[in-house]
């Protein structure tokens, strides 16, 4: 791994939640939704890794809710296949199997292909061009040899802006952001320098196509990128999909 130069020190879940939510939120009827969002955001921010155990009592204490509320949130997240619940290990962030990775990439190819076409058509609306340029610049500055957490966060942000620019709220709603982030974090340590350089080259082609308003080329860039990711997936070692995977 290369030296991290811009990674901020992680904050505790409880401290972050306390700053973002007023105290009375703990009594709101949507408490379990709030817990689910905290868990999801912790995965998206790279604070929690695939395979990491989630302690029910710690979350209840840090977020000032009942253990029953945490369990309810866990059940929802398990149904969404973001976390896993097992009799012996309890709750933990899921580790995708190779087959699940294949299925996810197929979904992303279709979803992002449509988004690429729409984003190219909408690039000159409002501040879309400026926002997309800023998101790409952050990702490009990371480079293919950047820290895994920084890279996956900035790549996720790049796609978030990309989907937002597309302007279709249903695409944003159905985007499997948490499983996608899990897969990114999961496979990154096993990608060779050549693989990472190829992926970064794909981002540049996609960016330039959307900035040029060329929907056809942008969609093609997504197709090439997702095919490449699918091919890379098949060459990863079994350990990348092991149930014992955690922060190698």
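Summary of values
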read-out	value
Where the Cα pairs of region 98-238 fall when distances are cut into 10 Å bins, in %	12, 46, 35, 7, 0
Relative exposure of 219, 145, 130, judged by other C-beta atoms within 10 Å (fewest first)	130, 145, 219
With Cα atoms, 0 to 90° folded angle of helix 193-211 axis to the chain main axis	70
Gain upon complete extension [residue 194, residue 86; 0.36 nm per residue less C-alpha separation]	35.2 nm
Three principal axis lengths of region 45-156 [C-alpha, angstrom, descending]	50, 32, 31
Segment residue 75-residue 242, length gained on full extension (0.36 nm per residue, minus Cα span)	57.9 nm
Alpha-carbon centroids, region 43-83 and region 168-201: separation in whole Å	22
The chain - percent relative contact order, Cα under 8 Å, separation 6 or more	26
Degrees, to the nearest 10: 215-234 long Cα axis against longest axis of the chain	60
Computed over region 111-161, Kirkwood Rh from alpha-carbon pairs, angstrom	11.7
Residue-span extension gain [residue 110 to residue 216] - 0.36 nm each, minus C-alpha spacing	36.8 nm
Degrees separating the helix 31-44 axis from the principal Cα axis of the chain, which is the longest one	50
Per-residue [θ]222 nm for the chain (sum of -39500 (n - 2.57) over DSSP H runs n ≥ 4, rounded to 500)	-20500 deg cm²/dmol
At q = 0.10 Å⁻¹, base-10 log of I(q)/I(0) for the chain (Debye sum, equal scatterers on each alpha carbon)	-0.52
Pair residue 53, residue 169: separation of 7 Å Cα→Cβ label points (nm)	4.2
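Laboratory data are not the source of any read-out in this text; all were calculated from the coordinates shown. All values derive from a computational prediction rather than experimental measurement. Because the Cβ atoms are built from the backbone with ideal geometry, glycine has one as well, and the counts that use them run over all protein chains shown.
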